[in-house]
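Since the structure comes first, as structure tokens, the remarks are kept for the end.
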Amino acid sequence: MEVDPVEDTLLIQFGQEEQQEHRTLDNDALVIRALLANYEVGRVFIDSGSSTDILFGEAYDQMQLGDVPLDKVDTFIYGFAGEIVHPRGMISLPLTLGTTPLWRTYLLKFLVVDIPLAYNVILGRPMLNAFRAVISTYHMKVKFPVDEGVGEVRADILQACKCYIEAIKKGKNRVLDKTVEGNGHNKQGKDQIPGLEIKKDSPDNVQPVEELHTIKLIPGNIEKVTKIGSKMKDTTREETINRLHKN
């Protein structure tokens, strides 16, 4: 992936005054909202321990990206419980972080996987390296260099708390599933699993900001496409398309 040149001496720092108030836990996960293929997506977990960027199947289905094909992948990943997970495929989508004028967009490759987690997206080291991002879980922020200075995204503390609570519930349900399965019962029977909760995404978790236009990443190649917003200013649209073509 080609990364745009940015002044190497640009200083990125965090001050004591930037620490977020009203934190629910001392070790909250860094959960943000981000613009992915021009969809505003919540429950985006930044995980520097992940070697891949991941888009979970439920969020992928809601985004209705059917005309952006999935590339086949002959690999597997390990789930959080150590289980082997075979991805649906890989998809290239533009990710935008920051706000005007301190924003940046890069085309990233996401593995689409079906794992019942509380998050919609996990952004790992590929994203951090592409954006040259620096994270601080103490300040609950991610910062990255842009041409005009330093862009930043603040964590969504409320969503981080909700994800934590939901993760605990999912963990308990997973243990219960194994117990029911081990006893020879049908684990699909709702009456056999009291307290089982199925995640229902609220409308603000994944929603299109505006009508989307399909852009060919490689001229003449209908398989290499992505989506951007239709209401972008001409200059912003041209800049975004140029960045995507560079990547």
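Structure notes:
- Subset of the stretch 108-134 (residues that are outside any loop (DSSP other than H, G, I, E, B) and surrounded by fewer than 20 Cβ atoms within 10 Å (Cβ to Cβ)): 109, 125, 126, 128, 129, 134
- Boolean, residue 85 is free of Cβ contacts under 8 Å to residues at least 40 places away in the same chain, over 17 Å from residue 29 (Cβ atoms), surrounded by 13 or more Cβ atoms within 10 Å (Cβ to Cβ) and touching a His at 6+ places or on another chain (Cβ under 9 Å): no
- Scan of the stretch 104-142 for residues that are of a type outside the set (S, T, N, Q), touching a Gly at 6+ places or on another chain (Cβ under 7 Å) and under 20 Å from residue 156 (Cβ atoms), ordered by number: 104
- Criterion violated by residue 152 - all others in (1) over 13 Å from the mean Cα position of the chain (by Cα); (2) assigned to a helix (DSSP H, G or I); (3) under 23 Å from residue 27 (Cβ atoms) satisfied: (2)
We did not get these values from a lab; they are worked out from the coordinates using the rules stated. The model shown is predicted, which means the values in this text are computed figures rather than measured ones. Neighbour counts run over all protein chains shown; Cβ positions are idealised from the backbone, glycine included.
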